[in-house]
Amino acid sequence: ARPAAEAPAHPAEVATSFDGWHVRLQEDGDPAAPACLHEAGALYCSARGVALARLDPMTGEVLWKRTAPVGQEPPDAPVRLAGGAEPLVGAAPRPGPLRAYAAGDGTPGWTARADVPETYRPAGAVVMFSDGRGALRGIDARTGAERWARRPAGFDAPVLGAYDAPTGLVAVSETAADGRSSRIGAVLPATGEVVWSRVVTGDAAPVGRTGDGTLVLASRYQGDLVDALVLLAPGDPDDPGSGPDTGSERRVELQERMQVGGVAVRGSVAYLLSLDGRLLAVDTAAEKGARLWDLQTGASNVSAPVLGPDDRLYLSAADGRLFAVDTARGAVVGQTRPRLPDGRLGYATRVPAPMVAANRVFGTAPDGSVLAVDARVAESW
């Protein structure tokens, strides 16, 4: 029978216990960690040789799978394209263009044009693409039809940042050739119009937002070395002529430079995760930025950090371990065992981030598998 496209959460999803599961998704080729998306009560994953598969989040059962040629790189994580009565999920095997699939049964839909290597960002009803040379375009997330193409005003070669659902904007950034300044801005996905932009000192890029809407930038010293967080506060909401481009700017210096691989922000606290597993919590609301704690997780070559409920933060390591951190205490409270192909540790070029949904945490491992554990019992993982 065809799975429901977007059914209400199964009663078991709110059950009092969850046993967890572990499923090998990749069958052929050199194993690599799959990348997944949890959306509308379903789990969608891509892997080498697997364009897209839908898994039951409760049991790990593969409901359907669409194969693909085994590529040279691990795939990008699937993305939500469209909801409603006929939801769509997008997947992009590497190398390969973004393609839409029906969420219910995996029927292939539109395929994005891919003249040059592009980065893309789903943004509501639109998917934004950047060719890396200054051209942006937006396509309809449901039909794949191109809506617009333009070069954004004030930018030569902008880098796409995250889509911010509350404002409906996509962050863009560009650093000057000499690294002494950066232009930060926001683009309206429906038209590609630059809504606002401003120049900040140094090599900086957007990494998140605080609870009051302040944009947080990581100020890079060299490469991935971060020496400060830059806070761009929004302008006065009661002043029609005021906006993010006219608001205040404050710099929060770190006590030492840090090689940052990912940042997560909750309230006024920024969690900076280095590639070697060091996790630093900084309260950006403090006058000079207060270091709350500094933790060595014991992992290396890690994913981006992901925040969950109950003061929890999760990350994955290149050896397949999934970590849970108590952000109130700055302590690792649980970790799963390593899951390596043939028991051998190789170097992972990318480590997909875990996902958190309905008291469960979903992770992937370099043996080509997907796993799920109960978030409430991290101590017994």
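The values are calculated or read from the model by the stated rules, or taken from the named source; none is laboratory data. Just so you know, these numbers come straight off a predicted model, no measurement behind them. Methodologically, a virtual Cβ is constructed for each residue, glycine included, from the backbone with ideal geometry; neighbour enumeration extends over all protein chains shown.
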Among the numbered criteria (1) surrounded by fewer than 19 Cβ atoms within 10 Å (Cβ to Cβ); (2) in a loop (DSSP other than H, G, I, E, B); (3) under 22 Å from the mean Cα position of the chain (by Cα), which single criterion is violated by residue 154?
-> (3)
Test each condition in (1) in a loop (DSSP other than H, G, I, E, B); (2) out of contact with any His (no Cβ under 9 Å at 6 or more places or on another chain); (3) among the hydrophobic types (A, V, I, L, M, F, W, C) for residue 63 and report the one that comes out false.
-> (1)
Would you mind finding the one in 319, 326, 276 that is without any contact (Cβ under 8 Å) to a residue 24 or more places away in the chain and among the acidic types (Asp, Glu)?
-> 326
Kindly indicate the residue of the range 206-230 that is under 18 Å from the mean Cα position of the chain (by Cα), free of Cβ contacts under 8 Å to residues at least 60 places away in the same chain and crowded, with 21+ Cβ neighbours inside 10 Å and also nearest to residue 275 (Cα to Cα) among those meeting that condition.
-> 218
Filtered residues of the range 293-338 (kept if surrounded by fewer than 22 Cβ atoms within 10 Å (Cβ to Cβ) and among the small types (Gly, Ala, Ser)) | 298, 300, 304, 308, 328, 330, 331, 334
Kindly check whether there is at least one residue in the range 339-351 that is surrounded by fewer than 17 Cβ atoms within 10 Å (Cβ to Cβ) and over 21 Å from residue 27 (Cα atoms).
-> no
For the range 111-130, indicate whether the set of residues that are over 20 Å from the mean Cα position of the chain (by Cα), of a type outside the set (Gly, Ala, Ser) and not in a loop (DSSP other than H, G, I, E, B) is non-empty.
-> yes
Residues (within 17 Å of residue 350 (Cα to Cα) and acidic (Asp, Glu)) located in the range 47-103 = 73, 76
By residue number, the members of the range 204-214 that are over 14 Å from residue 283 (Cα atoms) and of a type outside the set (Gly, Ala, Ser) are 206, 207
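Can you tell me which of 286, 304 is part of a loop (DSSP other than H, G, I, E, B), among the hydrophobic types (A, V, I, L, M, F, W, C) and modelled with pLDDT under 95? Don't jump to the end; show me each part of the working.
Working: 304 fails: modelled with pLDDT under 95.
Only one candidate qualifies: 286.
Suppose the filter is touching a strand residue (DSSP E or B) at 6+ places or on another chain (Cβ under 6 Å), at pLDDT 90 or above and in a strand (DSSP E or B); does residue 325 pass it? So that I can check it myself, show each step before the final result.
Numbers: touching a strand residue (DSSP E or B) at 6+ places or on another chain (Cβ under 6 Å): yes; at pLDDT 90 or above: yes; in a strand (DSSP E or B): yes.
The answer is yes for residue 325.
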Looking at the range 331-375, which of the residues that are more than 15 Å from residue 20 (Cα to Cα) and part of a helix (DSSP H, G or I) is modelled with the lowest pLDDT?
-> 343
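Is it the case that some residue within the range 323-345 is within 20 Å of the chain's Cα centre (by Cα), within 23 Å of residue 32 (Cβ to Cβ) and among the aliphatic types (A, V, I, L, M)? It would help to see each step written out before you state the result.
Of the range 323-345, the ones within 20 Å of the chain's Cα centre (by Cα) are 323-325, 327.
Right, trim to within 23 Å of residue 32 (Cβ to Cβ) and you get 323.
Narrowing the set further to residues that are among the aliphatic types (A, V, I, L, M) leaves none.
No, the range 323-345 has no match at all.
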